[in-house]
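Presented below is the structure to which this report refers.
The values are calculated or read from the model by the stated rules, or taken from the named source; none is laboratory data. Here the structure is a predicted model, which is why all the values come from computation and not from measurement. Note that we place each Cβ from the backbone using ideal geometry, even for glycine, and neighbour counts take in every protein chain shown. Quick note on the areas: whole protein, heavy atoms, side chains included, nothing else; ligands and nucleic acids left out. Shrake-Rupley method; radii C 1.70, N 1.55, O 1.52, S 1.80 Å.
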Amino acid sequence: MPTFQFLIAWQNAAGNSLKVGVLALQGDFREHLASLQACGADAALVRTYEEISGVEALVIPGGESTTIYKLAKNFDLLELIRKKIKDGMPTYGSCAGMILVADKILDPASGQETFGGIDMTVRRNAFGRQVDSFEVDLNIKGISAPPVSAVFIRAPWVDSLSPRVEVLASVEIDGELHPVAVRQGSVLATSFHPEITSDNRIHKFFLEEIAEDI
Amino acid sequence: MSQDHNKTTGTGRVKRGMAEMLKGGVIMDVVNVEQAKIAEDAGAVAVMALERVPADIRAQGGVARMSDPDMIEKIQAAVSIPVMAKVRIGHFVEAQILESLGVDYIDESEVLTPADFENHISKWDFTVPFVCGATNLGEALRRINEGAAMIRSKGEAGTGDVSNATTHMRKISQEIRRLTSMREDELYVAAKELQAPYELVKEVAQTGKLPVVLFTAGGIATPADAAMMMQLGADGVFVGSGIFKSGNPAARAAACVKAVTYYTDAKVLADVSRGLGEAMVGINVADIPVPHRLAERGW
C-alpha cells in the first residue's frame, strides 16, 4: 500500500493529474484542501472567476449553503460553476456542497438556487438542529473496510432521486433509509464531512475513481 | 449499505465541527424576525437572537439576561440558518433552557450580566456546543478546558470601536506564536503563567493554533473592520450592534459578508464599502470607565 500511495503522489508531482480547486467562498475549505493534499493532489483554494475557470475538478466544502450561494451569485460565479459541472467537470460536495450540487432543494431559503449536477432533491437540515448532529460508522460502496467514521452536522439528506443517481450509502431513521452519499457520473456528494476527520478515503475515491476516470 | 446505526450526538467532533462550518462567515446579532430575515438574505452564516443589542444594553443599563424563549423560537421558525443565543456567564440553568429550545450554539457571554463571579458553565455536560469570549490565550484555553467548542475574541461590545478587538486578536496570536518557539521543558512554566492546563498549552505549542475555531467580536462596524480581523487571523466575525444600529442594515450586512470572503482583495473591499450610509455612531472605548467595560467580565 505505501508504495502505491507513493506512486500516486509521484505522478501528481510530475504534473500528470488534474488541477483541483476547493471553492473558498465560505466554510471549511482549508480542511478539504488539507485532505486533498494529503492524497497527493494538485489542489488550491479558488474564489475568483479566473481561479475557478482554471480548475479541472472542484470540491465544494461544508458551510452554510445559503451564504455560499449568495456569494457565488453576487460575484457572478453561479453560471460559470453551473456550466463547468454540466460540461463534465469532476465535482465533489460535502454537506452544504451536497445541497449545492443537487438539482433541487425541497425547502430552500427564499430565492436560494443551486449549481446542480445530480438529478436529486435534497432536504436541508434533514436530521434536525445542531443538538441532533451525530457521528456514525458508515459502510460506503466503493470504499473497503473498515467503515468510515461519518460526521453529520445539521446535515441534509437526499429526499428523492432519479434512477440515474447511484446511492453509495444510506442512514436509517425511524425505519426509513435516507441516501447520504450519492454519485451521478462525475459528480459525488456526501451529507457528512470526511474533511474534518483524518480519514482521506473519500477524497482518494473522488480523485482516483471519479476525477482521473473522466 | 443499510446497517445497524450507533449514532452518537454531542461529541467533541460534532460540536467543534459545527464551528468549522461557520468559518469565513459573519454571525449577526438580531432582536426580531424581521432583522433575522435581513441577516439571512444578506448571507449571514448564523444569527444571534437577543432582546437588546450590546449598544442598547450599554445605554439602558440594568441586568441583562437570557432572551425570552418565545422570541428565540420565532426566529428559529423564520430562518433556516443556525440560531445562536446568549446566556449569562455561569448561568447553567439558562443554558439548560436554551438547549431544550434546540438553539444551535450557546454564547456564554460577557455582554449579559454575569451570574457567577468565579465559575463559568461546565460546558462538557451539554449536547449543544458553546462559544465563549477571551481577551488572551490563557482565558481562551480555560474556556476550552471547560468545554467551549469555539472561541471569539471579546473586543468591546456595543461600541463600534474596533481597537479592543484588534488588541485581543493580536494578543492571542502573539501568545500562540510565543508558545511555538519555546523548548518543550519551558511549557510547564508557560502553562503556569497562562493559568491554563498544561495539556492544552502543549497542544497549542505543537500545532501553532487553538484546538477550536477562533472568531472575532466586539466593536466591528464596517466591512474594513471585518476584513482587518480576518487578516489578523480570525476564522470569521460576529457583528453585533454594528449592523442594525447603522443607516442601511441590509446593505451593510451584505457588505460585511463579502468583505469576510474577499478579505485580502482591496478592490472588492473598496467596492463593498461604497454608499453604505451612516455607520453606527459608536463610543470610544477609552471614554468608558474600566468598571463598565464588558471585556473585563470573565475570569
| Are there any helices (runs of 4 or more DSSP H) wholly within region B:170-274 with 2 or more residues that are aliphatic (A, V, I, L, M), and if so which? | B:187-194, B:198-207, B:223-231, B:249-261, B:266-273
| Tabulated pairs, region B:119-144, first within 14 Å of chain A (Cβ to nearest Cβ), second surrounded by fewer than 22 Cβ atoms within 10 Å (Cβ to Cβ) and among the polar types (S, T, N, Q), C-beta under 6 angstrom, 6+ apart or interchain | B:THR127/B:THR9
| Scanning region A:125-149 for residues that are closer than 30 Å to B:ALA95 by Cβ and either more than 10 Å from chain B (Cβ to nearest Cβ) or of a type in the set (Lys, Arg) (or both), which turns out least open to solvent (accessible area, probe 1.4 Å)? | A:ALA126
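Could you grab me the full set of residues in region A:129-144 that are without any contact (Cβ under 8 Å) to a residue 24 or more places away in the chain and not polar (S, T, N, Q)?
Residues satisfying the conditions are A:VAL131, A:ASP132, A:PHE134, A:GLU135, A:ASP137.
Which members of region A:159-212 meet the condition of being assigned to a loop (DSSP other than H, G, I, E, B) and more than 17 Å from the chain's Cα centre (by Cα)? Step through it out loud before you land on a result.
First, pick out the residues of region A:159-212 that are assigned to a loop (DSSP other than H, G, I, E, B): A:162-165, A:174-175, A:185-186, A:191-193, A:197-200, A:212.
Those that are assigned to a loop (DSSP other than H, G, I, E, B) and more than 17 Å from the chain's Cα centre (by Cα): A:SER162, A:PRO163, A:ARG164, A:ASP174, A:GLY175.
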| Just for region A:32-58: of the residues that are open to solvent by less than 40 Å² (accessible area, probe 1.4 Å) and within 18 Å of B:GLY17 (Cα to Cα), which one is nearest to the other protein chains (Cβ to nearest Cβ)? | A:HIS32
| With B:GLY25, B:GLY17, B:GLY10 as the choices, which residue is open to solvent by less than 30 Å² (accessible area, probe 1.4 Å) and more than 17 Å from the chain's Cα centre (by Cα)? | B:GLY10
| Hey, among the residues in region B:35-67 that are among the small types (Gly, Ala, Ser) and more than 13 Å from chain A (Cβ to nearest Cβ), which one's surrounded by the most Cβ atoms within 10 Å (Cβ to Cβ)? | B:ALA49
| remark: Given (1) of a type outside the set (A, V, I, L, M, F, W, C); (2) touching a Phe, Trp or Tyr at 6+ places or on another chain (Cβ under 6 Å); (3) over 20 Å from B:LYS171 (Cα atoms), B:ARG152 misses just (3)
| field | Selection from region A:113-158 of residues that are in contact with a Pro (Cβ under 9 Å, 6 or more places away or on another chain) and basic (Lys, Arg) | value | A:ARG123, A:ARG124, A:ARG129, A:ARG154
